[in-house]
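Okay, structure first, notes after.
Read the figures in this text as sums done on the coordinates, not as results from a lab. Keep in mind that what you see is a predicted model, and the values were worked out from it rather than measured. Every residue, glycine as well, gets a Cβ built from its backbone with ideal geometry; the counts of neighbours run over all protein chains shown.
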Amino acid sequence: MDKDLIAFFRDRFNTNDFIPLHIPNFNGNEKKYLENCIDSTYVSSVGPFVDKFELLMSKITQSKKTTAVVNGTAGLQVALRLVGVEEDTEVITQALTFVATANAIAYNNAYPVFLDVDIDTMGLSPKAVRSFLEEFGELREKVCYNKKTGRKIAACLPMHTFGFPVHLDELIKVCKEWGIPLVEDAAESLGSEYKGKSTGSFGDVGVFSFNGNKITTSGGGGAIVTNNFKLGERAKFLTTTAKEPHSYEYVHNELGYNYRMPNVNAALACAQLEQLSGFLESKRNLAKEYQAFFKEKGINFRTETSNTKANYWLMCIELENKKERDLFLKVTNKALVMTRPIWQLMNRLPMYKDCQKDEQVNALFLEERIVNIPSSVR
């Protein structure tokens, strides 16, 4: 099995050298656009590529307004503020996620509430949210509060894990019943769809990441998308230091952020977005090959759920138990094939150990079994 497994990975990526988990693919207009950007001298936060990037993202995500930002985490922080997350409020999210999801909540001086995920999506479970709210939720003049802490529950923040969309219909229904705004952490899911619509376009606000390891990259960058034009305008305002429009005066009437995406990064992002459909096709072909191979080995390769189309950003398998997981990680990494376990649950981290959580039954199961495997565009 060991030799067979390693040989399969090497054959897929046509190399005997180190196989990374996910690397960028630069085969489009990247160099051309970067040279244009440098020649124009517009390399900072103002320039035509920023505008082009925002228009491309609005088109891809079917959203009315996109704001380019410096990274996905900054985008999440601002998105939460847009819907009313502030000091001493709470945000429902999942413990099985990348740390940025929880950090964005903490940056607003708010508290994460960690609820369980669904086994099939690995993302926030609508059933877990409903169960929590039925036990701890209390509506006061159509505003939801946590009976245990007395704090306002200001938002719900699901994360589309590895590009697999959460059960959005059910989650939206629960949030509407309790008057809780929905912000989608779509950082990993560019190109993923739920019932034919882009992830990130279902909530009040959605946020994407263009980090170096994402399906399309700008080196560092993010995007806030929304179908609420007023929220979109405010996102742009807050991320450009909350500066009032004026030809020469500096007027800032509230706390803002210098979270603007530089034009040079946007140039790279535009070239990448132009190739998104090809990247998705390449990844879906790789996923089919993985699925067939691991099925023969009796290993569960995780695939998209019904009514969804996943971007297969980071592909993953589910091992029998933690012992099998650790052995798989040891064998592959020793053979210079990079694999890694899913994240530790957020409530295990020292800064979040005292946060309210449920029993995390599914999250604990997945934490011990899920392994990411090489997923680069070929």
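Worth a mention:
- Summary of packing: across the peptides 84-96, 129-141, 14-26, the per-residue average of other C-beta atoms within 10 Å ranks them, highest first, as 84-96, 129-141, 14-26.
- Distance between modelled label sites at Phe26 and Glu254, nm, 7 Å Cα→Cβ extension: 3.9 nm
- Ranked by how many other beta carbons lie within 10 Å on average, peptides 289-300, 42-53 from highest: 42-53, 289-300
- In the range 209-351, the convex hull through the Cα atoms has an average projected area of 14.0 nm², a quarter of its surface area.
- Volume per residue for the range 30-274 equals 115 cubic angstrom (convex hull of Cα atoms).
- Gaussian network model of the chain, springs between alpha carbon atoms under 10 Å - residue of Asn253, Asn71, Asn109 with greatest fluctuation: Asn253
- Highest mean first, the peptides 357-366, 260-269, 149-158 sorted by other C-beta atoms within 10 Å per residue fall in the order 260-269, 149-158, 357-366.
- Per-pair calculated FRET efficiency, R0 = 41 Å: Glu244 and Gln344 via Cβ, rounded to 0.05: 0.40
- Computed per residue of the chain from DSSP H runs no shorter than four, each worth -39500 (n - 2.57), the mean residue ellipticity at 222 nm is -11500 deg cm²/dmol.
- Among Glu184, Glu367, Glu324: highest mean-square fluctuation, GNM of the chain, C-alpha pairs under 10 Å: Glu324
- Highest-fluctuation residue, Leu80, Leu168, Leu349 considered, GNM on the chain with Cα pairs under 10 Å: Leu349
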